[in-house]
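Worksheet for the structure shown next.
The values are calculated or read from the model by the stated rules, or taken from the named source; none is laboratory data. In this text, all values refer to a predicted model and were calculated from it rather than measured experimentally. Reconstructed Cβ throughout: ideal geometry from the backbone, glycine too, with neighbour counts over all protein chains shown.
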């Protein structure tokens, strides 16, 4: 074909135009098919059918589709493990194992029977074909990510079941492949089990330790991203090396790196963005390109095989979800979610049919003939369509239900607005990351980054430096898909500027870095924190981090008596429970019996999925005893209080010296909760009310020094 003397030959092979056309498909397929209410995933697969060899032959399924497609396949499994709520998975692991067993054994039984009775295949062929029904690929998982439902119980049960059924199906594939290589004997089984168990141990034991070391040593975002991808493909490659499919290694890598990559972190956002924007669409388009819909209309056994495979694969997955729902008394929409996620056949199914198609039996026939090959790709198309439609519908129902609940509680819940002063460029990243893990993502409120400039001769230089700090804060938050309102203002001093900004923007929380003592007479908190605490009754978090937030392993919270009577009690508990859930950290509360009882009630009622621990603390011993309990990778949180408040204790006066002396090498947060009353003016001779407040400054030694005496 000649257009303007330019030769256009199909399929297009020029790398530039191939990549351009793929990007155009990734861009426009969801937009066009979205108007028809067809899920994005199906749009990619259908686009692959249209442009592939069996469609208009626009593009050839060359090595680029094989490479990026394999990366996309691993990405799907990796993200499934990475986004799993590990605490909820632990709670539902029995349900996941049960569902995994049902979603394996039911397709195996129905698949063997239908293949032998309806299609007339031999036992070995029937077993391999049935294993293709049993395995499934989480093709529809990007839908879950898009709706933000990755922490649902039904999703975690399905993911746990996926690990079970894919493992068993791939073992069958490895055994059958080994049979025709003449290697199946007693030693084959022993070696397979030993190799897989040993490799799994290596991944589970070493990957998290290597990851934690790397994230602490290198904070460059590009290096962290490349490192994570390298770990994923290392796990996948090692799994292939021992004779299993690489998708297991990718899934396992996602599980073990789960707690090192918080769900709302910039790194997670980059991983999801690159996968969903490029690699996963490449994989889906590549799947569509191998589908030949013409086989449905050419007669022969292809149509019959495709119908039998599609019907029994779908029916068996629905039965597994239905039985699991009935056993555990789950909601119908949870059953639909499990069925939708587990119905799609792609990854392991393609691996099985391609391997089976290459095996030549003694009679010269292929173990899986061309009819099965064509029937398989048709089954993949229909199961992916069904999976995406059902998952999309269920996800929309869950999202609407959550939105209705959120709207019902909207007026009762104060709109959260976190303010982060950014005077020190060295602490900006830690403070922003802290704000990201404590904020309520459902409220969609932007963060406020504040730069306060003193009105003096160096104001121009400070304004320029402040602008850089604000831009840095905005970039860090933007990489986690969170917007930042950058505020720069002139004021008499920094504390006054922060207090005025709190009032003007109705900020509910303030996150500041811990002051660094400039000389021996300087105070632990510094004048800024002390003035700020006097000028606002809002929650103030004073933080010092010696390592990245995502590498913390435990949060230890010291709670003073009567803290439950403060206005902001529930809010700070929610903040640290949310932080513990996102980081996968255990939150360990220390308090007296009465306060501990209230903490347990609140956590059980509102934050049941957070890993927590409670220790009774009646009296406080020397703070030095605590140094043996707080490790270098723990975060120590001390709940303090302002003078004159209900939970204030005079011993808080000695708290700065104790923390500076014993915990200078630990990550630390001192939190002042929301408290009743208006901000107080500085006490003077004309205002003797300060006398009683000053009496409260002598007890935290008693309650904070002994807090591990009985532990």
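Residues in the range 646-662 that are in contact with a strand residue (DSSP E or B) (Cβ under 9 Å, 6 or more places away or on another chain) and in a loop (DSSP other than H, G, I, E, B): 647 only. In the range 144-166, the count of residues that are over 21 Å from residue 81 (Cβ atoms) and not assigned by the TED database to the domain that holds residue 607 is zero.
With respect to the conditions (1) out of contact with any strand residue (DSSP E or B) (no Cβ under 8 Å at 6 or more places or on another chain); (2) closer than 16 Å to residue 133 by Cβ, residue 337 falls short on a single one, namely (2). Filtering the range 354-380 to residues that are assigned to a helix (DSSP H, G or I), surrounded by fewer than 24 Cβ atoms within 10 Å (Cβ to Cβ) and touching a helix residue (DSSP H, G or I) at 6+ places or on another chain (Cβ under 7 Å) leaves 355, 357, 371, 373, 378.
Selection within the range 491-511: residues that are modelled with pLDDT of 85 or more and assigned to a strand (DSSP E or B). The member of this set that is surrounded by the fewest Cβ atoms within 10 Å (Cβ to Cβ) is 511. For the range 125-155, the set of residues classified as closer than 15 Å to residue 99 by Cα and surrounded by fewer than 24 Cβ atoms within 10 Å (Cβ to Cβ) consists of 153 only.
Identify the residue in the range 555-578 that is out of contact with any strand residue (DSSP E or B) (no Cβ under 7 Å at 6 or more places or on another chain) and in a helix (DSSP H, G or I) and, among all such residues, is farthest from residue 614 (Cα to Cα). Walk me through how you get there before you give the answer.
Narrowing the range 555-578 to residues out of contact with any strand residue (DSSP E or B) (no Cβ under 7 Å at 6 or more places or on another chain): 561-562, 564-567, 569-570, 573-575, 578.
Next cut, in a helix (DSSP H, G or I) only: 564-565, 569-570, 573-575, 578.
On the way: 564: 15, 565: 19, 569: 16, 570: 16, 573: 13, 574: 16, 575: 17, 578: 17 Å.
Filtering first and then ranking leaves 565.
Of the residues making up the range 466-484, those that are closer than 16 Å to residue 441 by Cα and surrounded by fewer than 17 Cβ atoms within 10 Å (Cβ to Cβ) are 478, 481, 483.
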